[in-house]
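Taking it in order: structure first as structure tokens, then the write-up.
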Amino acid sequence: MSILINIIIVIAAVVFMEVFAILFHKHFMHGRGWTWHQSHHVHTDGYFEKNDLYAVWFSVIAAALFISGSLWWSPLWYVALGFTIYGVLYAFVHDGLVHQRWPFNWTPKGGYLYRLVLAHRLHHHVTERDGAVSFGFLWAEKPDDLKAELKGRK
Ligand SMILES: [Zn+2]
Ligand SMILES: [Zn+2]
């Protein structure tokens, strides 16, 4: 039974992180946090960008949760595991599939992964803080809807 509960905690933490990421990306990174996130919307030299500091911070939070979970309250350890799985999925989709920061070239040609790539490319159509669409990383609306939304904003 407790295994089942732990699995549910992990899945809930992954889902929670995507919802949180959408809101955080939309309202903070494209708001007060733009000073870091801007580096990801304009071209910068070198492999790393200031925006990567967000990933560093989230890793620190996950690490703190792992430690708290092992020391004090074990459910937190499973929350941390869910956050970490989300981080891996985010890195695979966002840094890998969309931005090709890995040492090989592979982009999906169809299916939901392709839709994710298209949706995030549309997010990058806007290089300013305001007016962007599609803030999710694992959740993507239909590209045609996003295109229409972008058109309507111009
Ligand atoms: Zn953005
Ligand atoms: Zn991006």
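Counting only residues that are among the charged types (D, E, K, R) and exposed (fewer than 15 other Cβ atoms within 10 Å of the Cβ), which one in the stretch 96-123 is nearest to ligand 1 (Cβ to nearest atom)? Selected residue: Arg121. Candidates in the stretch 41-64 are the residues that are assigned to a helix (DSSP H, G or I) and touching a His at 6+ places or on another chain (Cβ under 9 Å); of these, the one that is surrounded by the fewest Cβ atoms within 10 Å (Cβ to Cβ) is Asp52.
Considering each residue of the stretch 65-74 in turn, none proves to be part of a helix (DSSP H, G or I), among the hydroxyl-bearing types (Ser, Thr, Tyr) and within 23 Å of Ser134 (Cα to Cα).
Selection of the stretch 24-54 for residues being away from ligand 2 (no atom under 12 Å from the Cβ), free of Cβ contacts under 8 Å to residues at least 40 places away in the same chain and not β-branched (Val, Ile, Thr) yields Phe24, His27, Phe28, Arg32, Gly33, Trp36, His43, Asp45, Gly46, Phe48, Lys50, Leu53. Looking across the stretch 112-154, the residues that are under 17 Å from Met29 (Cβ atoms) and either of a type in the set (Lys, Arg) or part of a helix (DSSP H, G or I) (or both) come down to Ala119, His120, Leu122, His123, Arg129.
The requirement of being within 16 Å of ligand 2 (Cβ to nearest atom), in a helix (DSSP H, G or I) and of a type in the set (Val, Ile, Thr) is satisfied by Val93.
Pairs meeting the criteria (first residue in the stretch 76-99 and over 20 Å from Ala63 (Cα atoms), second residue outside any helix (DSSP H, G or I) and polar (S, T, N, Q), beta carbons under 9 Å, at least 6 apart or on different chains) are Leu97/Thr107; Val98/Thr107. Could we say that Val79 is under 18 Å from Phe20 (Cβ atoms) and exposed (fewer than 15 other Cβ atoms within 10 Å of the Cβ) here? Spelling it out, it is not the case that Val79 is under 18 Å from Phe20 (Cβ atoms) and exposed (fewer than 15 other Cβ atoms within 10 Å of the Cβ). Kindly indicate whether any position in the stretch 34-47 is aromatic (Phe, Trp, Tyr), at pLDDT below 95 and away from ligand 1 (no atom under 16 Å from the Cβ). There is at least one residue in the stretch 34-47 that is aromatic (Phe, Trp, Tyr), at pLDDT below 95 and away from ligand 1 (no atom under 16 Å from the Cβ). Contact map, the stretch 122-135: residues that are touching a residue at least 40 places away in the same chain (Cβ under 8 Å) and more than 18 Å from Ala21 (Cβ to Cβ) paired with residues that are more than 10 Å from ligand 1 (Cβ to nearest atom) and part of a loop (DSSP other than H, G, I, E, B), Cβ distance under 6 Å, separation 6+ or inter-chain. Pairs shown: Thr127/Val42.
The values are calculated or read from the model by the stated rules, or taken from the named source; none is laboratory data. Every value quoted in this text rests on a predicted model; they were computed, and no experiment measured them. Using ideal geometry, Cβ is built from the backbone for each residue, glycine included, and neighbour counts are taken over all protein chains shown.
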